[in-house]
Every structure is written in C-alpha cells, then in structure tokens.
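Trainee: Would you mind keeping the following structure in view while I ask a few things?
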Amino acid sequence: MNRKNLQTAIRRARDSVASIVSTASHRSAAVTLGGSALIAAGSASAQAGGGGFDAATVTVIIAAMLAAGILIHTAWVGARWALKAFGILK
C-alpha cells in the first residue's frame, strides 16, 4: 500500500466518523466505529511494511475492541435506564 492509498483510507475513515458524530444520538457508536476505523487504517500501513504481518491477529484484536466498545455502550445505556428508574435523571 503506497502513501496515497493510506492517506485515502485515513481520510475516508475520518469522514465516516465525522458524519456519524454529527448525529448527536449516536455519539457512543461513533466512538466505537471511529476507533475500529483508525485501527483498520493502521493495520493497512502495517501490511504495507511486509515482514511477519498476521492479518488474523489484527482481525481478532479489532473484534475484541469492538466487543469492548459494545459492552461499554450497553453498560452506559443500562446505567442511564437505572438512573431514570430511580428518578435521579429525568
């Protein structure tokens, strides 16, 4: 992957994250998606370097981070629901 392709991948990831962040109701999903997109762009540059790059390992790491983001989002939604149920939030 040459420099132009890497810059294009990073620009696309940044643009997609910016479009999601502009929607206020999906900010936590944007953080999760943005982190995954930035990791994917980094893996593309690592793949260009050659050597002992293992795509399966990177895929597993991305999946684990995505799962962690979903878990954090779910915990946040549950906590918000509980606070509303107890009347602390309106």
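The values are calculated or read from the model by the stated rules, or taken from the named source; none is laboratory data. All values derive from a computational prediction rather than experimental measurement. Every residue, glycine among them, receives a Cβ derived from its backbone with ideal geometry; neighbour counts consider all protein chains shown.
Trainee: List the pairs whose first member sits in region 77-90 and is surrounded by 11 or more Cβ atoms within 10 Å (Cβ to Cβ), whose second member is part of a loop (DSSP other than H, G, I, E, B), and whose Cβ atoms are under 6 Å apart, counting only residues at least 6 apart or on separate chains?
Mentor: Leu83/Leu89
Residues checked against (1) outside any loop (DSSP other than H, G, I, E, B); (2) within 16 Å of Thr8 (Cα to Cα); (3) at pLDDT 95 or above:
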position: Leu33; (1), (2), (3): yes, no, no
position: Ala40; (1), (2), (3): yes, yes, no
position: Ala63; (1), (2), (3): yes, no, yes
position: Ile70; (1), (2), (3): yes, no, yes
position: Thr74; (1), (2), (3): yes, no, yes
